[in-house]
Every structure is written in C-alpha cells, then in structure tokens.
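Remarks on the structure that follows.
The values are calculated or read from the model by the stated rules, or taken from the named source; none is laboratory data. Every value quoted in this text rests on a predicted model; they were computed, and no experiment measured them. Quick reminder, even Gly has a Cβ in these numbers, built from the backbone with ideal geometry, and neighbours come from all protein chains shown.
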Amino acid sequence: MTQRVPVTVLTGFLGSGKTTLLNRILTENHGQRIAVIENEFGEIGVDQELVINADEEIFEMNNGCICCTVRGDLIRILGNLVKRRDKFDRILVETTGLADPGPVAQTFFVDDETRESFDLDGVVTLVDAKHAELQLDNSEEAASQIAFADVIIINKIDLVDTDALDALKRRLRSMNLMARIEQVEMADAPMEQVLNVGGFDLDRALEIKPSFLEPEYAFEWGGVLRLDGKANFRLQNGPDPVMSAVLEPIRAATTEALMETAERVYTRFSAPGEVLQPGATISPGETLWTLTLTDADQYEYTLEADQPGLYALFTEHTPEEFNAGFYGDSGADIDVAMEHFFNPEHTHDDTVGSIALELDGEIDGTALNAWMGQLLQTRGPDIFRMKGILAIAGEERRFVFQGVHMLFDGQPGKAWGDQPRSSRLVFIGRNLNETELEQGLRNCRAR
Amino acid sequence: MFLQPTTGSKAVSDHRLDSWIVNAPLTGVCVDRSGQFAAFAGGDGCVRTVSLLEPESSLSVWPLTEGAVLALAPDCQERGFLCGADDSALYQVHPLDGPRELALLTRSWPDQLVAHPCGLRAVSDGPEVRLLDTKGRLVNVLAEHPSTVAGLAFDDRGRRLAVSHYNGVSLWTLDGRSGAPQRLCHRGSHLDLTWSRNGRFLVTATQEKTLHVWDLVAGQDATLGPCINKVKALSWSADGSWLLASGADTVSGWSFSNDRLPAAAPHMLGRYSEHLIGNVCANPSLALAAAGYNDGGLELVSLAVQPQRRSLVSAPSTPIAGLAWSPNGDHLLGGDKDGRLFAYRFDTDSLARLACTD
C-alpha cells in the first residue's frame, strides 16, 4: 500500500492572516510538493504549486444527520489528485473564515477512498489577537473553529498588550484543552508548527500531555510572602462564606516563578478541600484549605512554615474582596512581595468548552460501549471532538481513541506494564454538562 | 521524457493478448465509435491510442498535460476521443492526428464529459454544463445546477441530457428551446449515472454506496442496494435487461426485464471473492461481462442463470482501474493502477459458448 498523503486543514477567522500564512508556507524552501485547495474567494499568488479552487459544497449523508455532513467537492478534488502519477507530498485545505471545520474533518472519515489515500494530519486555526474576542462573542463558526483545532495560532500579537493576550489565551484554552497554542506576529509561524500535527493520529494520542487535562485557574489571586515563623492572615466578610487557599514554597518573588507555581498547584483546587475554622493553621503542601468565613465580623488564620523563606499563597478570591491583610506576631504589616491577579474561570459565557475527565482504576468495556453509544447518539451533534486513553478491565494495553461528532476511531496502544491504570478523556463541544459526563464515566468503573 | 512502452503479445487458442507497461496509473479506457481504435488515459497526462485492427500494433503516446488525464470518452465522431485533463482543458484526441484543444474551462476541471453521435459534446465546468458541437463551438451552457456536476449521460437518441449533482438529477431536453430542466429529487450526493437502453429508467450511483433509480414513465423512484463500496462502474447488459454494478464482492445485477422498478437487493452474478469488484463492464453483444477485482483479478462472467466464469489473469496484483469492450464485443481493453495496459482479442465463438446458458 502506498503512503497516505497528509492533509492539513487551515481555518481562521476573517482577517486572521490565513492567506499570508499560506503564501509564506508555500514560498518557504521546504522541498515539498504541496497542493492547496482553497475556497473560491481566496487570493493566493503562488504559481509554483498547484492551487485548486473549491466551492465548499456540503451535503448530508445518512438522511441528514449533522454528524455525517461532508464536503463533496473535497472528495471529488482529492479523488482527481489521486489519479496523478506524480503525487503531492502534502495537501493544504483552506476554508473560508465562516466555515465550520466539521464537514471537512468528517470527509476524511466518512469516504473510504479519501481515507485510503489521504491522512487528515490536523486542523490549524488562525486567530487575530486583536479581534478574536469580538469574533468569538458574535460567531458560532468562530467558536467551532477553535473547538476543532489541533493547533491554534494567535496572530498579530504585537497589536495587543500582555493582559489582553493572556485573557485571550485563557479563553481559548477553556474552549479547547487539547490544542497547542502558538503566538506569532505577521503570520510568521514556522512550518513545523503548522504541518505534521498528528491531531488525528491514534499513535500520537498517547503523547497527550497530562497538563492538558488540568482545569482553568480556580483562584483569582496569588501573592508571594516571606515567612519566617508565623504570619497572621486576617479577613473580613466577603462575597463568599468559604474560600479555598493553597500555600506553596516558591523559588523567587517574580511573576515567572509565580506563574510556574500556579501551574503546579492548580489541580489541587479541583480536589475536595480540608475545612478550617478561624484560628487554624494553613501550612504549605498538597492540601487545599477551605477557610470558613461565617458568623463573625473578622477572621484570623495562621500561615506557618517549618522552613523560613518565600511562599506563594493562592486564594479563590482576591484579598481586597475580604478586606484582608497579613500581619506579623508584633502586629506589623507583612508586605506582599509580589502578586498576580488570575482571571477566574468562566469569565466568558462561551457555550463551546472542553471537559477533561480522569478516572483511576479500570473501566468496564461493555459499560463504556453502552455509555458512549448512548452519549454519541443523544449528544453527538454537540460533541465536536474527543480524545482519550482508556484502561479497559482485562486489557494489557491502553485503548486510545479519537472522534469527530459521532465518528469514532479507536485501537489498542502501549501496554500498561507496572504503571497505575487510569483513564483520561477530553471532550470539546457545545453545552457540555460536566456533571453528567463525569457521572457517566464513573458508572463505567469496573467492579 | 516518457517511458518507452514495453510491448508484449501472446496468442492463445481462443484469444490474443497484447500488453504494455507504461508506468502511469490508468485513469480511463474506451474504444472509439468505429471500433478501430482504443485509448488509454493516464495519470501522467498522456493519452495512448492503439489500433485494434492490426495485430501487435504499438501504442501512440499523446502528451496533453503535466498532471493527469481525468476523463476519457468516445467522441461524437466515428474516430477519436474526448478527454478532460487537470490543466482545465478539454481535448479531442484523434488516433492518427493527435490532440486538439477544444475548450479551456474557467471554473473547474473537466472531469465529467460525454459525447453523442448526433454531434454533441457535453462537459462539466463546476455547476455548469457546456455543450459543444462537432466543430467544438459552444452551443449552449446549462446552468445553474445546485452543486458541481458529478455525472453526465445522454439518452440513447441524444435528445435528453441527464446531469447528476447533490440531491438528485436535472433532466434537460435538448430540443433547441431554452427552458428549465426537470428536477428529479432525492437527498444526498449523486455521482455516476446511466440511462436504460429504452430511455425509461435513469440510475445514479450515490455517495451512500447505493444506487437510485427513477422510472420516468411511471413517475416512481427507488433506492437499490446498498453495496459494500461506493459503486464506481455501472453497465447495462447487451439485451438491456440487467444493470451491472461494481462495489460488492461479486458482480451485482438488477433485473429490468419487465419494465418495472427492480427489487432493492441485487442478484449476485459472479464468483464471491474476498476482494471487491472495482470494475465491471458488460459485453455489448453477448450475455456476459468482464469483472475486474481490486486484487487485479480479471474474469469473464456469463449472465446466465447458472453462471459460467473464466479467469483471465493467473497472478493478480494491482487493482483493475478500467475496463471497456469494443462496440462489437470482441476486444476487451483495460489496465491497472500500476500502469499495466492490456487488450484481449477474443474468438467470438468461444465467447458465445461462455455466454451461452446450455
């Protein structure tokens, strides 16, 4: 069997710089023969490569199931490219700014002949740093382009400040936990960022980094304090009768160190906290502390570390909201050496989002089949993409899968060996219900 | 520039086989209306023609484009072929004089084309169909179909042109008066299409691995199949009573003998194989068909009740990419995806014995 030709789908909001990026890729000295299938209205000015106009002709298979909506024009064009003796090394498919990438991706799973000769490598979505937020607020297609992406390239970052860029990154991350996010100016993304993505490659699904499963920041504030013995954390009533907090050693009082530490601790905020009453001690370490803040006007907690040094305190809300401060035993103020305000979760009401699930132990294969079958049947149109690594009871090897809407593709992966068995799943979709999904997965736990 | 074909010729008791290795996947094959010349379209942008009258004749190579020849059909004239290539040009290829460009398309590749001996040529250009006369002049543009045209077929007399696209077929009456086509609607993507010999039935192959048939007299339609694969080849038996299709692990046939819509499930007419049939082509004068398997196997299958078969290839390897009979049914042309082309010349009595029921 001949090698399948990789296909990269390039989507992007209007004005995001797709054409610039395409032109740059094509003129780069990469030694590859690339064919570009672009939408009718594109303006590619490269003549050494084959550029084919497509009409984005979508049709529904299986009596109109949205999950089987495919691009007939792509089937036809790719079918004609296969006839050539001189094959291309790679195909780039550019969609219009308003296109939903779903039908393009599904084409590679639904049509046998297309699948036989071509391999969907990945969906790359280009966004314009300055206008992305507004486009995401106003366009469902923009949201689905983010949801489908394996790589999100934020372009024109020189036109926005760091805070705006951070906010955008957080928003994109909350919508799509799986995608790699790159930042560029003038669409100058290196080719290796765009090509060889392996987004639908089950062998590479094993490379899913655990970090992509972690939740968004569940704390709004982080500050660095020098602790030498004890310190008092004094709070008044605020917007919430309880507040979670974590204390963690930190290597320096810098933003960089604080962000690093934040990455390290933020999974702790998803675990159940240990409830503390006023007067109790908050010590550094793995524990998530839940401070009780009811039935009084003022509350005092003690921060205490065995080793003197720099510590970072992360709190669910900002200290200002509780009129809080830090004091030494003498009653003198302790200065916060540096602080950072984290954007809380759900700053935007995006209906498109990602949900990551993790379950230790093994899963019952039959129960999983029944659950997934039912889930895809009822929620298939809302689930854009999913990926996972599963520990199926009685199987020596990991089971890896990926899916696009109702189309599903899975195979055994690496053996577990001595490693503890656990399953990880990511869903990206619209109006996903985390509790329902979590419950569904838990019900599949092997007994 | 182009590899010199290596020519081989073999004479057996009841047939002669000529074969050539051309190092280019076969993208189309047909015999012209005179029955004198065959043409092979290649994925190297060349059309190769060969005379069927002279034994051991060599291929003439006609380069058209750097890319691939996408479509090939007998031209409207006695001699020659109509070709579409991925340089967007429509060509007429004369087996002795070579190619001539008839038109350059603006919207798409000319991957659907057909000609009728009444002197009309039709070629798709995206959602439009261009009609050209014998001299190559544009006589009409049939617009605007709901999507890119995926199949074209003239009826037997050349009075109607059927055009397949998303959600059905448009039926144009070519009487010189402009007007809207009759729309035959059925959801989904309709691809290849074919008329029954009497012009009563129109059948499309669909993306859904089924066939869809319209009875234009009774005003009914039905879905046939499904098959295992998408149907890539449709062919009517010599007497018009069977429609044969590729796409299964044996030759699928639907009976149209009583002028009614056939049952959805096909009759299985060939040998069952673990390899699917990628090509099937009915002999135009005898009740038999040639079937090309995706493993490169090639068989002659009788369409009688108790089918007799004969295998033509002893060591199959590469999928058969195209098959065509000469108009009188004594030559079978074809080739595979690796570029092995073949031309069988059969002894007609021997073929008739294979087709015969008793």
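Details
- Residue list for the stretch B:300-327, filter: assigned to a strand (DSSP E or B), of a type outside the set (Gly, Ala, Ser) and crowded, with 21+ Cβ neighbours inside 10 Å: B:LEU300, B:VAL301, B:ILE320, B:LEU323, B:TRP325
- Screening B:VAL149 with (1) among the hydrophobic types (A, V, I, L, M, F, W, C); (2) in contact (Cβ under 8 Å) with a residue 40 or more places away in the chain; (3) closer than 17 Å to B:GLN112 by Cβ gives one miss only, at (2).
- Failed item, numbered, when A:THR302 is tested on (1) in contact (Cβ under 8 Å) with a residue 60 or more places away in the chain; (2) exposed (fewer than 14 other Cβ atoms within 10 Å of the Cβ); (3) touching a Lys or Arg at 6+ places or on another chain (Cβ under 7 Å): (2)
- Some residue of the stretch A:249-270 being in a strand (DSSP E or B), assigned by TED's automatic domain parsing to the domain that holds A:ASP228 and either more than 19 Å from A:LYS230 (Cα to Cα) or not charged (D, E, K, R) (or both): yes
- Count of the stretch A:154-181 residues, restricted to those that are outside any helix (DSSP H, G or I) and more than 13 Å from the chain's Cα centre (by Cα), is 5.
- Considering B:ASP75, B:ASP44, B:ASP97, B:ASP86, the condition of being in contact with a helix residue (DSSP H, G or I) (Cβ under 7 Å, 6 or more places away or on another chain) and either more than 18 Å from B:LEU332 (Cβ to Cβ) or of a type in the set (A, V, I, L, M, F, W, C) (or both) is satisfied by B:ASP86 alone.
- Test: residue in the stretch B:234-243 that is under 18 Å from the mean Cα position of the chain (by Cα), crowded, with 19+ Cβ neighbours inside 10 Å and either within 14 Å of chain A (Cβ to nearest Cβ) or more than 30 Å from B:ASP295 (Cα to Cα) (or both): no
- Output for the stretch B:54-75, where each listed residue is surrounded by 22 or more Cβ atoms within 10 Å (Cβ to Cβ) and within 14 Å of chain A (Cβ to nearest Cβ): B:LEU64, B:ALA68, B:VAL69, B:LEU70, B:ALA71, B:LEU72
- Note on the stretch B:40-53: residues that are within 18 Å of B:ASP338 (Cα to Cα), more than 11 Å from every other protein chain (Cβ to nearest Cβ) and more than 18 Å from the chain's Cα centre (by Cα) amount to 0.
- The residue list B:ALA39, B:ALA11 contains one member that is at pLDDT 95 or above and out of contact with any helix residue (DSSP H, G or I) (no Cβ under 9 Å at 6 or more places or on another chain), which is B:ALA39.
- Taking (1) in contact with a Lys or Arg (Cβ under 8 Å, 6 or more places away or on another chain); (2) buried (at least 19 other Cβ atoms within 10 Å of the Cβ); (3) of a type outside the set (Phe, Trp, Tyr) in turn, B:LEU184 satisfies each apart from (1).
- Unmet requirement for A:GLU286, which otherwise passes all of (1) assigned to a loop (DSSP other than H, G, I, E, B); (2) at pLDDT 90 or above: (2)
- The sole residue among A:GLY440, A:GLY388, A:GLY353 that is touching a residue at least 24 places away in the same chain (Cβ under 8 Å), under 23 Å from A:SER270 (Cα atoms) and part of a helix (DSSP H, G or I) is A:GLY440.
- Residue list for the stretch B:148-172, filter: surrounded by fewer than 20 Cβ atoms within 10 Å (Cβ to Cβ), in a loop (DSSP other than H, G, I, E, B) and out of contact with any Leu (no Cβ under 7 Å at 6 or more places or on another chain): B:ASP156, B:ARG157
- Residues located in the stretch A:99-124, provided they are hydrophobic (A, V, I, L, M, F, W, C), outside any strand (DSSP E or B) and more than 10 Å from chain B (Cβ to nearest Cβ): A:ALA99, A:VAL104, A:ALA105, A:PHE108, A:PHE109
- Flag for A:ALA147 being part of a helix (DSSP H, G or I), out of contact with any Phe, Trp or Tyr (no Cβ under 8 Å at 6 or more places or on another chain) and modelled with pLDDT under 95: no
- Conditions (1) of a type outside the set (D, E, K, R); (2) surrounded by 23 or more Cβ atoms within 10 Å (Cβ to Cβ); (3) facing chain A (nearest Cβ under 10 Å): number failed by B:PHE37: (3)
- Taken over the stretch B:55-74, residues that are closer than 21 Å to B:SER19 by Cβ and in a loop (DSSP other than H, G, I, E, B) amount to 5.
- Test: residue in the stretch A:318-325 that is modelled with pLDDT of 90 or more and assigned to a loop (DSSP other than H, G, I, E, B): yes
Conditions tested, residue by residue: (1) charged (D, E, K, R); (2) farther than 17 Å from B:TRP325 by Cβ.
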| residue | (1), (2) |
| --- | --- |
| B:TRP236 | no, no |
| B:TRP242 | no, no |
| B:SER252 | no, yes |
| B:SER255 | no, yes |
| B:MET268 | no, yes |
| B:ARG271 | yes, yes |
| B:SER285 | no, no |
| B:GLY297 | no, yes |
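- Within the stretch B:244-289, the residues that satisfy the criterion of being surrounded by 23 or more Cβ atoms within 10 Å (Cβ to Cβ), modelled with pLDDT under 95 and in contact with a helix residue (DSSP H, G or I) (Cβ under 9 Å, 6 or more places away or on another chain) are B:LEU286, B:LEU288.
- Leading residue by the ranking (modelled with the lowest pLDDT) among those in the stretch A:228-278 that are of a type in the set (Val, Ile, Thr) and under 25 Å from the mean Cα position of the chain (by Cα): A:THR267
- Residues of the stretch B:172-188 satisfying the condition of being away from chain A (no Cβ under 14 Å) and under 29 Å from A:GLU60 (Cβ atoms): B:TRP172, B:ALA180, B:PRO181, B:GLN182, B:ARG183, B:LEU184
- Hey, B:GLN77 outside any strand (DSSP E or B) and at pLDDT below 90 or not: no
- Test result for B:VAL169, under 20 Å from B:GLN92 (Cα atoms) and away from chain A (no Cβ under 14 Å): no
- Inside the stretch B:100-131, residues that are part of a strand (DSSP E or B) and away from chain A (no Cβ under 14 Å) make up a count of 15.
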